[in-house]
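Chemist: I'd like to ask you about the structure that follows.
Please treat every number below as a calculation from the coordinates, not as lab data. Quick caveat: nothing in here was measured; it's all calculated off a predicted structure. As a convention, Cβ positions derive from the backbone with ideal geometry for all residues, glycine included, and neighbour counts pool all protein chains shown.
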């Protein structure tokens, strides 16, 4: 499959979440628009922060009628263990074999320079890094591809994409607040 673009239909993958086996993207969406955020793994402080901020803003997404889901390279056990003290209102799709990443062509960076992205992208990430440190998120267990770049997809209730973004660096992602206002 090629990279997805607005207007494409998102594949209705059969997936496993931190609490459920053999569910689907359409079941997770529950007949609502879906914001699907693709990250690395739960031990990554930046990814942990993104998950936290999605939870902080969860009710605002609900008010807009939008469901949230996250894809990570972590196992269900790792997600449950890492988030035992911070329960989530949304599922994390566990893809430790990179099937979704590969199918959607969400590629890792070729090297550290590509991982960091442009100066603008790096500056955005450094600001985020300060917030990560303030919350005390430290690097946890390594589970996935360290150079994995993030992505996000916003789709309507029928899984038709209205936005697709493949990051060009670790900081090249909208914040939860930007997702709420821009999509």
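Chemist: Packing-wise, with mean Cβ within 10 Å as the measure, how do 38-51, 70-83, 157-170, 102-115 rank, highest first? Don't skip to the answer; put the middle values down first.
Modeler: Working: 38-51: 23.5, 70-83: 20.9, 157-170: 16.8, 102-115: 14.5.
Top of the packing list down: 38-51, 70-83, 157-170, 102-115.
Chemist: Now, a different point. Taking a ≥ b ≥ c as the square roots of the Cα gyration tensor eigenvalues, with a/c under 1.5 meaning rounded and otherwise prolate when a/b beats b/c, else oblate, which class fits region 36-183? Don't jump to the answer; show the numbers that get you there.
Modeler: Numbers: a/c = 1.19, a/b = 1.11, b/c = 1.07.
It is rounded, given that a/c, with a ≥ b ≥ c, falls under 1.5.
Chemist: Roughly how far apart, in whole Å, are the Cα centres of region 122-183 and region 26-63?
Modeler: 10
Chemist: Taking a spot 7 Å from the Cα of residue 99 along the direction of its beta carbon, which residues of region 144-172 have an amide N less than 17 Å from it?
Modeler: none
Chemist: Going by how many other beta carbons lie within 10 Å of each one, how would you line up 53, 155, fewest first? The partial results should precede the final answer.
Modeler: Working: 53 17, 155 26.
Fewest to most other Cβ atoms nearby, the residues stand as 53, 155.
Chemist: Would you mind getting me the FRET efficiency between residue 107 and residue 178? Use the beta-carbon distance for r and R0 = 35 Å, nearest 0.05. Mind showing how you got there, number by number?
Modeler: Numbers: r = 23 Å, r/R0 = 0.66.
About 0.95, to the nearest 0.05.
Chemist: For residue 114 and residue 21, what does the FRET efficiency come to when R0 = 41 Å and r is the distance between their Cβ atoms, rounded to the nearest 0.05?
Modeler: The calculated FRET efficiency here is 0.75.
Chemist: Taking neighbour Cβ counts within 10 Å as the exposure measure, how do 173, 1 sort from fewest upward? Display every interim value, and only then the final one.
Modeler: Working: 173 25, 1 9.
Final ranking by Cβ density, sparse to dense: 1, 173.
Chemist: With an 8 Å Cα cut-off and a minimum separation of 6 or more residues, compute the relative contact order for region 108-183 in percent. Before the final figure, lay out each step's value.
Modeler: Working: 79 pairs, mean separation 30.7, N = 76.
Relative contact order of region 108-183: 40 percent.
Chemist: So between residue 168 and residue 86, what do we pick up on full extension, going 0.36 nm a residue minus the alpha carbon distance?
Modeler: Length gained, residue 168 through residue 86: 26.6 nm.
Chemist: So what is the diffusion coefficient of region 46-133 in µm² per second by Stokes-Einstein at 10 °C and 1.306 mPa s, using a Kirkwood Rh over Cα pairs?
Modeler: On the way: Rh = 15.0 Å.
Rounded, D is 106 µm²/s.
Chemist: Note down, for region 96-163, the three equivalent ellipsoid semi-axes (square root of 5 times each alpha carbon gyration tensor eigenvalue), biggest first, whole angstrom.
Modeler: Working: eigenvalues 120, 57, 46 Å².
Semi-axis lengths for region 96-163 are 24, 17, 15 Å.
Chemist: Of the beta bridges DSSP finds with both residues in the chain, what % are antiparallel, to the nearest 5? Don't jump to the answer; show the numbers that get you there.
Modeler: On the way: 15 of 23 bridges.
Taking every DSSP beta bridge within the chain, about 65 percent pair in antiparallel fashion.
Chemist: Relative contact order for the chain: what is it in percent, counting Cα pairs under 8 Å that are at least 6 residues apart?
Modeler: The value is 33 percent.
Chemist: Can you give the calculated 222 nm mean residue ellipticity of the chain, where each DSSP H run of n ≥ 4 adds -39,500 (n - 2.57) and the sum is split over every residue, rounded to the nearest 500 deg cm²/dmol?
Modeler: On the way: 8 runs with 64 residues, N = 183.
Rounded to the nearest 500, the figure is -9500 deg cm²/dmol.
Chemist: OK, next. For a label point 7 Å from the Cα of residue 147 along Cα→C-beta, name the residues of region 91-113 whose backbone N is under 16 Å from it.
Modeler: Answer for this model: 102, 106-113.
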